[in-house]
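The values are calculated or read from the model by the stated rules, or taken from the named source; none is laboratory data. Because the structure is predicted, anything quoted here is derived from the model rather than measured. Methodologically, a virtual Cβ is constructed for each residue, glycine included, from the backbone with ideal geometry; neighbour enumeration extends over all protein chains shown.
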Amino acid sequence: MEKGPKEAEILSAFIDSGVLVGEWHLEVPVGLECAKRGYFEYTKREKKAPVLPEETEARMFQGVLRESIDAVCVKSLNKTVHSRQKVKHYLRRYVSFDEKVVWLIEAKQRLDHKALGQVLNYRDLFEEDWKAKVEGIGVVCRIGNDMLEETVRKLGVRVWQVDLKTPTPVISPLG
């Protein structure tokens with residue numbers, strides 16, 4: 001099996017390409033509201049008071065929240081990139097996407113059913129967590145998939161193929 005560039009390199013090349021311009025946030029956790037609901041249902045069922053000091057709450061959610069979207073691009077005229085933040089920054093809304101126009105991007109080696117399912121599910125979880133306008137969702141990948149092109153088009157998912165073999169990475173829209 002061919003070893004290729006890591007997904008982080010694919011995402012970085014895509015961000016640098018300027019196809020989408022804005023404030024980039026990397027590895028944003030999704031499912032915050034879903035996790036909160038689950039915790040409070042558990043405390044109700046077990047007849048325990050849902051009292052969580054900030055530190056305990058953050059630790060609990062770090063264990064629960066294993067899912068994160070590779071990148072959220074908040075549309076703006078300037079390009080900035082923010083690395084992964086602590087989960088508590090999202091829980092406490094130190095970082096917020098409310099009232100913003102965003103793109104959700106998942107980076108993969110190859111476009112496959114898993115990548116497509118992830119980006120669709122992450123959109124639903126993100127929309128539950130934030131009052132943002134999700135303008136679009138997309139997958140950036142090194143290897144496309146002809147068999148998924150029609151499905152991708154029907155579901156409104158944008159796909160960009162990133163060729164890192166050239167001196168300047170080539171970004172090609174698929175579908």
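Taking the stretch 96-175 and the strands (runs of 3 or more DSSP E) fully enclosed by it, no element has 1 or more residues that are on the phi > 0 side of the Ramachandran plot, in contact with a helix residue (DSSP H, G or I) (Cβ under 8 Å, 6 or more places away or on another chain) and surrounded by 19 or more Cβ atoms within 10 Å (Cβ to Cβ).
Among the residues of the stretch 79-95, how many are over 22 Å from Val162 (Cα atoms), assigned to a loop (DSSP other than H, G, I, E, B) and in contact (Cβ under 8 Å) with a residue 24 or more places away in the chain? Lay out the reasoning, then the answer.
Keep residues of the stretch 79-95 that are over 22 Å from Val162 (Cα atoms), which gives 84-95.
Imposing the further condition that a residue be assigned to a loop (DSSP other than H, G, I, E, B) reduces the set to 84-86, 92-95.
Then keep just the ones that are in contact (Cβ under 8 Å) with a residue 24 or more places away in the chain; that gives 84-86, 92, 95.
The number of residues fulfilling the criteria is 5.
Conditions tested, residue by residue: (1) within 25 Å of Ile10 (Cα to Cα); (2) buried (at least 18 other Cβ atoms within 10 Å of the Cβ); (3) at pLDDT below 75.
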site	(1), (2), (3)
Leu20	yes, yes, no
Gly31	yes, yes, no
Tyr39	no, no, yes
Tyr42	no, no, yes
Glu46	no, no, yes
Val51	no, no, yes
Glu54	no, no, yes
Phe61	no, yes, yes
Lys75	yes, no, no
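When restricted to residues that are basic (Lys, Arg) and touching a residue at least 24 places away in the same chain (Cβ under 8 Å), the stretch 118-138 contains 2.
Against the condition at pLDDT below 80 and surrounded by 15 or more Cβ atoms within 10 Å (Cβ to Cβ), how does Met1 come out, does it pass?
Values: at pLDDT below 80: yes; surrounded by 15 or more Cβ atoms within 10 Å (Cβ to Cβ): no.
So Met1 does not fit the description; no.
Figure legend. Inter-residue proximity from the stretch 7-32: first residues in contact (Cβ under 8 Å) with a residue 40 or more places away in the chain and among the hydroxyl-bearing types (Ser, Thr, Tyr), second residues surrounded by fewer than 21 Cβ atoms within 10 Å (Cβ to Cβ) and not in a loop (DSSP other than H, G, I, E, B), beta-carbon distance below 6 Å, spacing 6+ or different chains. Indicated pairs: Ser17/Ile171.
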